[in-house]
Every structure is written in structure tokens, then in C-alpha cells.
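Report on one structure; see the data block that follows.
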Amino acid sequence: MKEERKKAAALRYTEGVDAAPRVVARGRGWLAEKMIALAREHGVPVHEDRALVEILSTLDTHEEIPPELYRAVAEVLAFIYRTNGRWR
């Protein structure tokens, strides 16, 4: 059985600046692992969702996520806000 390579995607959203979250980085294999390690090293929350990362990895870097992904990404952002203690 062939081992599946790890994938990662990084999102950025700045309220009042961005119309929608954007994919700012994506990678697979060693690059995905490096992205995850750097995020953890710098205190950036990491959320694992294979189905979502599959879709996000098809988008171009700096591309806004399509409206079909708003709900899924909103759940990730809610996770991040809770993790950071900013969600009320």
C-alpha cells in the first residue's frame, strides 16, 4: 500500500482588509511537514482536516477561497479564535 504524502495549506484573513480568507502557502511531503513545524514553533494554531486541505491545495497561492468553502473555513477560524482565547 502506497503511503499518502502529508499536505498543508496556510490561510490568512484580516478583518476589514480581506474580502475572504486567502491561501498564502501550500505544500506536500517535506514542505507540508516544515510548514506545520514552523507554525507550531511560532505559536500558530494548526487544524487538521484532510478533506479541506485537499480542496485548498488546488487553489493558487494568494487566491481567495471560493464561497463554497466559507462555512468550512469559518469553522477553522472559530477553532483558531477559541485556541487564542479571543472567541467569546
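The values are calculated or read from the model by the stated rules, or taken from the named source; none is laboratory data. All of these numbers come straight from a predicted model, not from anything done at the bench. Positions of Cβ are backbone-derived with ideal geometry, glycine not excepted, and every protein chain shown enters the neighbour counts. Each accessible area value is taken on the protein alone, full model and side chains, heavy atoms only, with ligands, DNA and RNA left out. Shrake-Rupley method; radii C 1.70, N 1.55, O 1.52, S 1.80 Å.
Listed by first and then second residue, the pairs with beta-carbon distance under 7 Å, at least 6 apart or on different chains, first residue in segment 68-88 and closer than 13 Å to ASP49 by Cβ, second among the aromatic types (Phe, Trp, Tyr) and modelled with pLDDT of 80 or more, are LEU77/TYR13.
In segment 10-54, what count of residues is obtained for those that are assigned to a strand (DSSP E or B), of a type outside the set (A, V, I, L, M, F, W, C) and surrounded by 14 or more Cβ atoms within 10 Å (Cβ to Cβ)?
Here the count works out to 4.
Per the conditions (1) open to solvent by 100 Å² or more (accessible area, probe 1.4 Å); (2) touching a Gly at 6+ places or on another chain (Cβ under 9 Å), the sole criterion not satisfied by LYS7 is (1). Screening the candidates ILE65, ILE55 for the property of being under 17 Å from LYS6 (Cβ atoms) and under 13 Å from the mean Cα position of the chain (by Cα) yields one hit, ILE55. Pairs are defined by a Cβ separation below 6 Å, a sequence spacing of at least 6 or placement on different chains, a first member in segment 16-44 that is touching a residue at least 40 places away in the same chain (Cβ under 8 Å) and closer than 21 Å to GLY85 by Cα, and a second member that is among the aliphatic types (A, V, I, L, M) and in a loop (DSSP other than H, G, I, E, B); the pairs so defined are PRO21/ILE65.
Within segment 56-82, restricting attention to residues that are open to solvent by 80 Å² or more (accessible area, probe 1.4 Å) and either modelled with pLDDT of 90 or more or of a type in the set (Val, Ile, Thr) (or both), the residue that is nearest to LEU11 (Cα to Cα) is HIS62.
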